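Chemist: One structure, as structure tokens, below. Some questions next.
The values are calculated or read from the model by the stated rules, or taken from the named source; none is laboratory data. Everything numeric in this text was worked out from a predicted model, so none of it was measured. Glycine also receives a Cβ, built like all others from the backbone with ideal geometry; neighbour counts cover every protein chain displayed. Only protein heavy atoms, including side chains, enter the accessible area calculation; ligands, DNA and RNA are left aside. Shrake-Rupley method; radii C 1.70, N 1.55, O 1.52, S 1.80 Å.
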Amino acid sequence: DQQVKQNSPSLSVQEGRISILNCDYTNSMFDYFLWYKKYPAEGPTFLISISSIKDKNEDGRFTVFLNKSAKHLSLHIVPSQPGDSAVYFCAASAGTASKLTFGTGTRLQVTL
Amino acid sequence: NAGVTQTPKFQVLKTGQSMTLQCAQDMNHNSMYWYRQDPGMGLRLIYYSASEGTTDKGEVPNGYNVSRLNKREFSLRLESAAPSQTSVYFCASRRTGGTGELFFGEGSRLTVL
């Protein structure tokens with residue numbers, strides 16, 4: 001049972017435009033959500049997080065939105081840059097001390 | 001500042017052979033994790049250790065064993081490797097509180113022939 005879903009395996013966006021990556025979850029106990037970025041042959045690196053007490057968190061070009069009623073979160077990257085080309089994973093947990101469950105990832109390609 | 005260190009980075013095994021993946025973190029984190037990454041499957045949790053002396057199964061524990069040797073080290077053992085265990089393995093440790101983020105190692109690519 002996939003508790004965290006990323007339904008778009010890939011996304012292509014032009015440089016300078018907005019990239020929107022989506023993630024859905026089914027477990028209502030999840031209250032902490034994170035986005036990770038992964039380049040080939042490297043470990044995933046933390047990008048941004050949000051707790052369920054918020055509906056938006058912003059860090060530079062990256063903003064995460066959380067819609068608890070829809071059990072949906074999204075990552076917005078504005079403006080997109082070629083260096084943003086990577087696989088993006090969303091992850092969720094019940095609290096910051098419990099195990100993280102990851103989605104299957106979305107491969108973002110930012111074209112010139 | 002090493003963070004999470006995994007060894008080996010690459011390994012080729014024959015079916016039935018055993019091996020241990022080593023992981024160490026220097027961030028004084030309580031919890032540690034082993035994930036595997038397969039195409040189209042994302043990162044799946046194999047085992048985790050919430051604190052020194054405890055270990056728990058994740059989503060895909062079959063065929064694996066783990067040892068939390070001390071607070072720093074968390075090893076993953078394949079007793080009798082199978083081709084289905086060909087994967088990239090990631091060790092991670094997690095900060096409690098704050099952003100609660102996982103810090104990952106660089107990964108270990110394992111091929112079982």
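Chemist: With respect to B:Asp56, is the statement that it is exposed (fewer than 14 other Cβ atoms within 10 Å of the Cβ), within 27 Å of A:Val4 (Cα to Cα) and not aromatic (Phe, Trp, Tyr) true?
Modeler: Against the criterion (exposed (fewer than 14 other Cβ atoms within 10 Å of the Cβ), within 27 Å of A:Val4 (Cα to Cα) and not aromatic (Phe, Trp, Tyr)), B:Asp56 qualifies.
Chemist: Is one or more of the residues making up the stretch A:33-56 part of a strand (DSSP E or B), open to solvent by less than 70 Å² (accessible area, probe 1.4 Å) and more than 14 Å from every other protein chain (Cβ to nearest Cβ)?
Modeler: No, that holds for no residue.
To keep it simple, each residue is scored yes or no on (1) within 15 Å of the chain's Cα centre (by Cα); (2) of a type in the set (Val, Ile, Thr).
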| site | (1), (2) |
| --- | --- |
| B:Thr55 | yes, yes |
| B:Asn62 | yes, no |
| B:Val66 | yes, yes |
| B:Glu79 | yes, no |
| B:Thr86 | yes, yes |
| B:Tyr89 | yes, no |
| B:Ala92 | yes, no |
| B:Thr96 | no, yes |
| B:Glu101 | no, no |
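Chemist: Could you count how many residues in the stretch A:69-104 are touching a Leu at 6+ places or on another chain (Cβ under 8 Å), open to solvent by less than 10 Å² (accessible area, probe 1.4 Å) and facing another protein chain (nearest Cβ under 8 Å)?
Modeler: Residues meeting the conditions: 5.
Chemist: Can you pull out every residue in the stretch B:50-69 that is modelled with pLDDT under 95 and polar (S, T, N, Q)?
Modeler: B:Ser51, B:Thr54
Chemist: I'm checking my understanding of the structure. Among residues of the stretch B:76-113 that are open to solvent by less than 10 Å² (accessible area, probe 1.4 Å) and farther than 24 Å from B:Pro39 by Cβ, which one is farthest from the other protein chains (Cβ to nearest Cβ)?
Modeler: My answer is B:Ser93.
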